[in-house]
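The values are calculated or read from the model by the stated rules, or taken from the named source; none is laboratory data. Bear in mind that the values here come from a model prediction, so they are computed numbers and not experimental data. We place every Cβ from the backbone using ideal geometry, glycine too, and count neighbours over all the protein chains shown.
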Amino acid sequence: MPTDPSIQQPCIHCGDCARACPDALNPEALFFALVRDDFAAARGQRLDACSECNRCVEVCPSHIPLLDWFRWGKSELAAQAHADALRARFIARNSRLARERAERAAARREVRADAATALPVQTISHADVLAAIARGRAKREKHP
């Protein structure tokens, strides 16, 4: 059967494709699901179970290139599955980064809380620093 789109005609719902399918699929329902871009319905109709035997195309009186449609649908489902896997990785990464940020913030709060409860650090006034410098100079002048 040629797959030239110029000789393709509308589906007449004869059911020949379903009777010819060795995988017990309904090629007509799969075809219309793919035409509507309803990939959920195509998945529900078990598009992935198609063995691509070409029997549905051979018996189709309307010359619809069903196998081409099924191959395209399978590639679209594979692309969606790949995109879903990438989306899941992205979400997992963002969750991990958010959790790590929260853990670091909690550790910083804990360090601040520990520092607040620790003994106060002695501070030296400006006058004490100047006095220490003066003592050091006096000591150096004494022992050259």
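Considering only region 58-82, state which residues are assigned to a loop (DSSP other than H, G, I, E, B) and surrounded by 17 or more Cβ atoms within 10 Å (Cβ to Cβ). Explain how you work it out, then say what you get.
In the first step, residues of region 58-82 are kept if they are assigned to a loop (DSSP other than H, G, I, E, B); the result is 60-65.
Result: C60, I64, P65.
Here the condition is being surrounded by 10 or more Cβ atoms within 10 Å (Cβ to Cβ), assigned to a helix (DSSP H, G or I) and modelled with pLDDT under 90; of A113, A92, it holds for A113 alone.
Return the residue satisfying two criteria in turn: it lies in region 1-24 and is small (G, A, S), more than 38 Å from the chain's Cα centre (by Cα) and in a loop (DSSP other than H, G, I, E, B), and of such residues it is modelled with the highest pLDDT. Within region 1-24, the match that is modelled with the highest pLDDT is G15.
Among the conditions (1) out of contact with any helix residue (DSSP H, G or I) (no Cβ under 9 Å at 6 or more places or on another chain); (2) under 20 Å from L77 (Cα atoms); (3) surrounded by 12 or more Cβ atoms within 10 Å (Cβ to Cβ), E28 misses just one, which is (1). If the condition is being assigned to a helix (DSSP H, G or I) and more than 13 Å from G15 (Cα to Cα), then region 47-57 contributes L47, D48, A49.
Would you be able to say whether some residue in region 7-17 is surrounded by 13 or more Cβ atoms within 10 Å (Cβ to Cβ) and among the β-branched types (V, I, T)? Break it down into steps so the answer makes sense when it comes.
Narrowing region 7-17 to residues surrounded by 13 or more Cβ atoms within 10 Å (Cβ to Cβ): 8, 11, 14, 16-17.
Subsequent filtering for residues that are among the β-branched types (V, I, T) retains none.
Within region 7-17, none of the residues are surrounded by 13 or more Cβ atoms within 10 Å (Cβ to Cβ) and among the β-branched types (V, I, T).
The residue that is surrounded by the fewest Cβ atoms within 10 Å (Cβ to Cβ), counting only those in region 31-57 that are on the phi > 0 side of the Ramachandran plot and within 31 Å of the chain's Cα centre (by Cα), is D37.
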